[in-house]
Amino acid sequence: MKKTVRRLMVTCMVLGMAAMALGGCSSSKKKVIGVSLPTQDLARTQKDQEYLTKYLTEMGYEVNVQFGKGDANIQASSIENMITSGVAGLIISPFDSSSMTKVIELAHENNIPVISYDSLCLNTEYIDYYSADDLEGIGACQAQYIVDHLGVAEGKGPFNIEIVAGDPADNNATYFYKGAMDVLSPYLEDGSLVVPSGQIEFAVCGTPEWDGSKAQSRMDSILSTYYTDKRVDAVLTQNDGIALGAISSLKSVGYGSSDMPLPITTGQDCDIASIKSILAGEQTMTVFKDISVLAKNAADVIDSLVKGEEPKLENYTTFNNGVKDVKATLVIPKALDKDNCDELLFDSGYYSKDMLK
Ligand code: BGC
């Protein structure tokens, strides 16, 4: 494979030079940055595409964005194609954190710097930088919102809570869960928060592929098995897609009326569907992660690496990817509910109100 790629790259160069010699129109001289996003199905990945394209274009690059279509193999082969086409650098947000090792090795063999974006590529020694969110901070933000709004720290309770966590194959989900459990554990221990299903461990609360319909089915079975004689007061749902899945389940058994209000539900990403749900009084909160900052951090780092320079990071932490510590810049999350939605999303120009139509 290595030889094939090299041969193809050489062929491309020869053809390019021949085209220039013939005076024909050569392709742009701009260097190309390849961006690989896990799926196109999330509102957030459209923002990732928009901001990464904006900053990299402003820096003088051409940008090639490819989507993994929610499949690790499709993602790996589209990255392989970008390597073959001679990109100068790669920004990868893996669909499955453990499945990028081989393709990143191929990039390394072709002297193409690679950085992780949003989710860390695991088990590779060829990644040094990661543009990330404060992952544990996101989980903590969701859990703290529940604690504050139920009033458990002031001695109210006991309250019933269920946990609908993210995809166990996504490295981020482990951190979201840990951040949330650090906040919830004292209240679970003193009994002011109770999980009637008993499903607390990450392995049993995870939602494969972050699939809202899987979250919905799991919630259906929790409600019909453990809530025949009680009400759920809060559901820690770890992103917007699974929050909407859980809310559909809750509504199907009568929650959402004046005598049976919906429980507190949490999310992240500020998906438009969830913003509409928050404004309609259904989903309670989401976490705002400013993708423009995430994208700018990534663009700055890949630009330095392509130029052969050491990226200048003002503040960074590290995440271990299984074989090494990777330097990460973090975006700080903010809780968003109906009270600060206008200020964070619309007054700031992050979204336009037309998107709500
Ligand atoms: C991202 C979240 C997203 C989830 C599902 C996570 O890795 O950090 O923003 O909701 O994947 O795509």
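Within the chain, which whole H helices from DSSP have a Cα span along their axis of at least 20 Å and a mean Kyte-Doolittle hydropathy of 1.0 or more, if any?
Counting only whole DSSP H runs, the qualifying helices are 291-306.
Given the Cα-Cα distance of S98 and K251 and 0.36 nm per residue of separation, how much length would full extension add, in nm?
Length difference between fully extended and current span is 51.5 nm.
Would you mind pulling out the separation of the Cα centroids of segment 300-357 and segment 134-208, in Å?
Rounded to whole Å, the Cα centres lie 24 Å apart.
Can you tell me which of V323, V195, V35 moves the most in a GNM of the chain? Springs connect C-alpha atoms under 10 Å apart.
So, out of V323, V195, V35, the one fluctuating most is V323.
For the chain, what does the relative contact order come out to in percent, with C-alpha contacts under 8 Å and a separation of six or more?
With pairs under 8 Å counted, the relative contact order is 17 percent.
Counting other C-beta atoms within 10 Å, and keeping those with at most 13, which DSSP coil GluC sites (Glu not before Pro) do you find in segment 149-242?
Hits after loop and neighbour filter: E201.
Based on DSSP H runs of at least 4 residues, each adding -39500 (n - 2.57), what is the mean residue ellipticity at 222 nm of the chain after dividing by all its residues, to the nearest 500 deg cm²/dmol?
For the chain, the value works out to -13500 deg cm²/dmol.
What number comes out for the charge environment of Q283, summing +1 per Lys or Arg and -1 per Asp or Glu over other residues with Cβ under 13 Å away?
-2
For a paramagnetic label modelled at 7 Å from the Cα of N123 toward its Cβ, which residues of segment 50-88 fall within the zone defined by backbone nitrogen distances under 18 Å?
Residues 71-77 fall inside that zone.
What do you get for trypsin sites (Lys or Arg not before Pro) in segment 312-356 restricted to DSSP loop and a cutoff of at most 10 other Cβ within 10 Å of the site's Cβ?
When the trypsin sites (Lys or Arg not before Pro) of segment 312-356 are filtered for loop state and at most 10 Cβ neighbours within 10 Å, K312 remain.
Please state the relative contact order of segment 312-355 as a whole percent: Cα pairs under 8 Å, 6+ residues apart?
21 percent
Find how much the distance from Q199 to E314 grows on full extension, using 0.36 nm per residue of separation minus their present alpha carbon separation; answer in nm with one decimal.
37.3 nm
Cβ under 11 Å from Y117's Cβ, Y117 left aside: what net charge do those residues give with Lys, Arg +1 and Asp, Glu -1?
Overall, the nearby charge balance is -3.
Subtracting the Cα-Cα distance from 0.36 nm times the residue separation, let me have the gained length for S224 to S258 in nm, one decimal.
Computed gain between S224 and S258 is 10.1 nm.
Structure shown: which of K30/K353; K102/K327; K251/K353; K102/K312; K178/K296; K69/K334 lie over 24 Å apart, alpha-carbon to alpha-carbon?
In this structure, K30/K353; K251/K353; K102/K312; K178/K296; K69/K334 exceed 24 Å between Cα atoms.
Coordinate-derived values only; no laboratory data. Computed from a predicted structure; not experimentally measured. Positions of Cβ are backbone-derived with ideal geometry, glycine not excepted, and every protein chain shown enters the neighbour counts.
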